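Here's the structure we're looking at; comments come further down.
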Amino acid sequence: MMKESLIILGVAGAVQALDKRQGFNQSIPASTTLDGTAIENPTAYATPFVLNVEDMWDLLIGPVATAATTTTVSPTPVPSSSLIPPPPLYYSPFPTGAQHPMEPKNESWSFPKDFWWGVAGASYQIEGAAKADGRGPSIWDVLSHRVAGFIHDNTTADISDNNYYMYKQDIARVAALGVKAYSFTLSWSRIMPFGRGPVNEVAIAHYNDIISTCIEYDVIPMVTLFHWDLPLALQDTYGGWLSENIVGDFVAYAKVAYAAFGDRVDHWFTVNEPIVFCNDYPLPAMYFKNFSIPNAHQPFLCGQSVLLSHSQAYQVGKAMMPNATISYKNNGGYKIPQTNSSDDALAVQRAWDFNEGWFSDPIFLTGDYNAAVKAYVSSFLRPFTASEKQTILGSADSYAHDAYTAQFYFAPDSGVQACIDNTTHPLYPTCANTSYTYSAQDGGWLVGAAADPLSPWLHKATDWLPAFLHYLADTWAKDLPIVVSEFGFAEPFESSKTLLQDILYDPIRSSYFHDYMRAMLMAMSEGVNVVGCLAWSLYDNYEWATGFSAKFGMQYVNFTDPALPRYYKASFFEYARAFEIYQEK
Ligand code: GBH
């Protein structure tokens with residue numbers, strides 16, 4: 001246990017923490033002393049409380065559930081009966097057998113021999129073992145335990161897939177289907193319980209064993225340093241990503257990870273989807289220390305810290321591991337103009353500028369923000385120095401994109417320019433409207449089959465993938481390889497299915513993977529250099545604010561059985577089959 005490190009909370013955080021546990025009644029107004037003298041600046045007073053990691057759990061999170069299994073499970077061999085693929089979804093004019101229909105093969109498509117196809121998961125979503133072996137709390141432990149109404153089904157990821165103890169089985173099961181790569185995230189607050197300071201050697205040993213197990217099964221380990229589970233201590237000490245203080249802490253954490261795992265891990269991602277976690281600011285009021293930064297500025301302060309942190313962690317990583325591939329994960333759907341009007345084209349451009357371009361323009365093109373973002377942020381963000389720009393530019397070895405879907409974009413009713421000129425417009429500053437349907441003139445149909453209603457952003461829009469990949473290549477990747485670092489689908493209403501065999505036969509997710517792989521092959525045959533892809537996700541897991549109610553797994557996990565058994569879904573076989581058919585041997 002980490003006793004040696006101190007966390008000093010400001011008045012608000014500590015009082016609030018005590019308040020929650022003990023029902024303290026703050027009858028003394030914060031702005032007066034006991035003898036009634038007015039205090040000029042009450043926040044200048046800090047508590048002398050010292051919290052160790054156990055205190056943080058007790059005061060700031062509360063009781064945590066533990067799994068039925070809390071020791072590392074040895075893998076059991078996957079029975080060969082579990083490896084029989086399902087009957088196919090597609091009618092074939094010349095079926096050659098129940099399990100192996102003839103698939104018309106396009107002979108001009110192929111995945112090169114060294115193309116790596118894999119599966120991905122992320123620390124908070126899969127690990128469970130929330131308090132085990134000295135892990136410190138992250139902001140997601142607060143969001144799931146404390147923030148009323150934040151999680152759709154009121155669940156936490158205290159146990160989730162119990163991957164912390166079951167990883168050997170998990171790796172054996174993906175290896176049994178021929179998967180070549182497994183992408184997982186380190187939990188920052190396992191490795192450094194307070195995000196900075198002491199390193200937890202038990203956590204290092206744990207991830208070392210995950211990596212060794214991958215190698216034992218001939219699966220390439222790929223590591224993400226940060227997938228949203230920010231150590232709570234960093235949020236409550238200085239505002240987490242809102243403060244540039246995080247840069248030094250992130251780089252120090254990255255160094256610890258590179259030093260521990262860099263001899264066996266060649267593929268690194270620094271941060272997952274900064275557009276998403278930066279737009280999560282401001283965090284819910286009253287549950288985190290409030291640093292009085294205007295709400296509208298917070299995502300961009302976070303973005304600034306991310307660009308500095310990522311780029312420095314990239315440079316340090318390349319110095320320590322010259323042969324490694326280091327990048328970060330972008331995200332966002334393909335943006336289709338809803339009509340061919342010039343204002344819709346402008347809306348599409350601004351949507352790219354304020355989303356992917358916010359990070360990708362500095363990193364891949366110029367070292368600095370694009371003109372649209374710059375016009376907005378220059379009144380409240382300090383400019384990057386020349387040397388920071390130099391560090392940022394070129395700080396990625398591949399263009400990694402979480403490319404799930406596509407949407408239509410169009411101009412606000414008042415037009416794009418009127419929105420740019422009106423800071424109170426609801427779409428300001430991006431000034432782009434978005435829709436999942438074609439225009440009324442084009443029939444008004446949905447862009448493609450809808451995923452689960454709890455993932456309303458997601459549709460099967462695989463027809464647009466070739467255009468999407470060309471766009472990423474032409475705009476940002478240029479000569480660098482492209483990695484599709486996440487893609488996947490939430491089968492509609494899967495959580496209301498009750499029969500095991502019904503759950504395992506997931507037709508829309510299967511057709512998503514079927515068509516996605518062929519769309520990717522088409523783009524590759526046209527010259528787009530995709531070197532690998534990672535399907536989301538290896539199994540059902542904690543879908544953030546949706547809890548366990550939307551499912552992205554290619555394996556079902558029975559969360560009501562304490563043993564948490566895993567089962568392959570049909571879609572996993574569909575994904576694997578694309579490589580049986582198309583990958584060069
Ligand atoms: C990925 O993000 C995440 O990396 C992964 O952790 C997650 O499990 C997976 O997707 C599946 O969701 O509901 O309209 O506010 C994908 C990009 C960006 C998609 C944020 C959902 C919220 C849109 N995500 N977005 S909305």
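The values are calculated or read from the model by the stated rules, or taken from the named source; none is laboratory data. The model shown is predicted, which means the values in this text are computed figures rather than measured ones. Neighbour counts run over all protein chains shown; Cβ positions are idealised from the backbone, glycine included.
Summary of computed values
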item: Residues of region 185-202 that turn out to be surrounded by fewer than 24 Cβ atoms within 10 Å (Cβ to Cβ), of a type in the set (A, V, I, L, M) and not in a loop (DSSP other than H, G, I, E, B), as a count; result: 1
item: Residue count for region 389-417, restricted to those that are over 21 Å from A372 (Cβ atoms) and of a type in the set (F, W, Y); result: 1
item: Answer residue from region 318-333, given it is within 15 Å of the ligand (Cβ to nearest atom) and either assigned to a strand (DSSP E or B) or over 16 Å from the mean Cα position of the chain (by Cα) (or both) and is nearest to A396 (Cα to Cα) among those; result: S327
item: For A523: the one exception among (1) within 15 Å of the ligand (Cβ to nearest atom); (2) over 25 Å from D141 (Cα atoms); (3) among the small types (G, A, S); (4) in a helix (DSSP H, G or I); result: (1)
item: Of residues in region 242-280 being part of a loop (DSSP other than H, G, I, E, B) and more than 23 Å from P429 (Cβ to Cβ), the one nearest to the ligand (Cβ to nearest atom); result: V265
item: Condition met for L283 (assigned to a strand (DSSP E or B) and within 16 Å of the ligand (Cβ to nearest atom)); result: no
item: Flag for Y376 being in a helix (DSSP H, G or I) and either aromatic (F, W, Y) or modelled with pLDDT under 95 (or both); result: yes
item: Residue in region 108-129 that is nearest to the ligand (Cβ to nearest atom), counting only those that are assigned to a loop (DSSP other than H, G, I, E, B) and closer than 14 Å to H206 by Cα; result: E127
item: Test for Y281: is it under 20 Å from L365 (Cβ atoms) and modelled with pLDDT of 95 or more; result: no
item: So K335, is it among the basic types (K, R), under 18 Å from E273 (Cβ atoms) and touching a residue at least 12 places away in the same chain (Cβ under 8 Å); result: yes
item: Qualifying residue in region 334-345 (condition: within 16 Å of the ligand (Cβ to nearest atom) and within 25 Å of the chain's Cα centre (by Cα)); result: yes
item: Unique match (being in contact with a helix residue (DSSP H, G or I) (Cβ under 8 Å, 6 or more places away or on another chain) and outside any loop (DSSP other than H, G, I, E, B)) among F548, F513; result: F513
item: Filter result for the condition that a residue is within 29 Å of F487 (Cα to Cα) and surrounded by fewer than 20 Cβ atoms within 10 Å (Cβ to Cβ), over D229, D263; result: D263
item: Residue tally, condition hydrophobic (A, V, I, L, M, F, W, C), assigned to a loop (DSSP other than H, G, I, E, B) and surrounded by fewer than 21 Cβ atoms within 10 Å (Cβ to Cβ), over region 379-421; result: 4
item: Residues of region 526-538 that turn out to be in a loop (DSSP other than H, G, I, E, B), more than 15 Å from the chain's Cα centre (by Cα) and closer than 16 Å to W117 by Cα, as a count; result: 1
item: Scan of region 365-377 for residues that are under 25 Å from the mean Cα position of the chain (by Cα) and either within 16 Å of the ligand (Cβ to nearest atom) or farther than 19 Å from S305 by Cβ (or both), ordered by number; result: L365
item: Subset of region 449-491 [within 16 Å of the ligand (Cβ to nearest atom), surrounded by fewer than 20 Cβ atoms within 10 Å (Cβ to Cβ) and without any contact (Cβ under 8 Å) to a residue 60 or more places away in the chain]; result: A450, P453, P456
item: Residues within region 143-163 that are in a helix (DSSP H, G or I) and in contact with a helix residue (DSSP H, G or I) (Cβ under 6 Å, 6 or more places away or on another chain), tallied; result: 2
item: Verdict on V174 being under 23 Å from I581 (Cα atoms) and part of a helix (DSSP H, G or I); result: yes
item: Selection count where residues are more than 16 Å from the ligand (Cβ to nearest atom), touching a helix residue (DSSP H, G or I) at 6+ places or on another chain (Cβ under 7 Å) and not aromatic (F, W, Y), scope region 399-440; result: 7
item: Tally of residues being farther than 12 Å from F410 by Cβ and modelled with pLDDT under 95 across region 428-440; result: 0
item: Condition met for F548 (more than 20 Å from K105 (Cβ to Cβ) and either touching a residue at least 12 places away in the same chain (Cβ under 8 Å) or more than 15 Å from the ligand (Cβ to nearest atom) (or both)); result: yes
item: Odd one out for L499 among (1) aliphatic (A, V, I, L, M); (2) in contact (Cβ under 8 Å) with a residue 12 or more places away in the chain; (3) surrounded by fewer than 20 Cβ atoms within 10 Å (Cβ to Cβ); (4) more than 16 Å from the ligand (Cβ to nearest atom); result: (2)
item: In region 346-360, the residues that are away from the ligand (no atom under 15 Å from the Cβ) and either under 25 Å from the mean Cα position of the chain (by Cα) or without any contact (Cβ under 8 Å) to a residue 24 or more places away in the chain (or both); result: V348, Q349, R350, W352, D353, G357, S360
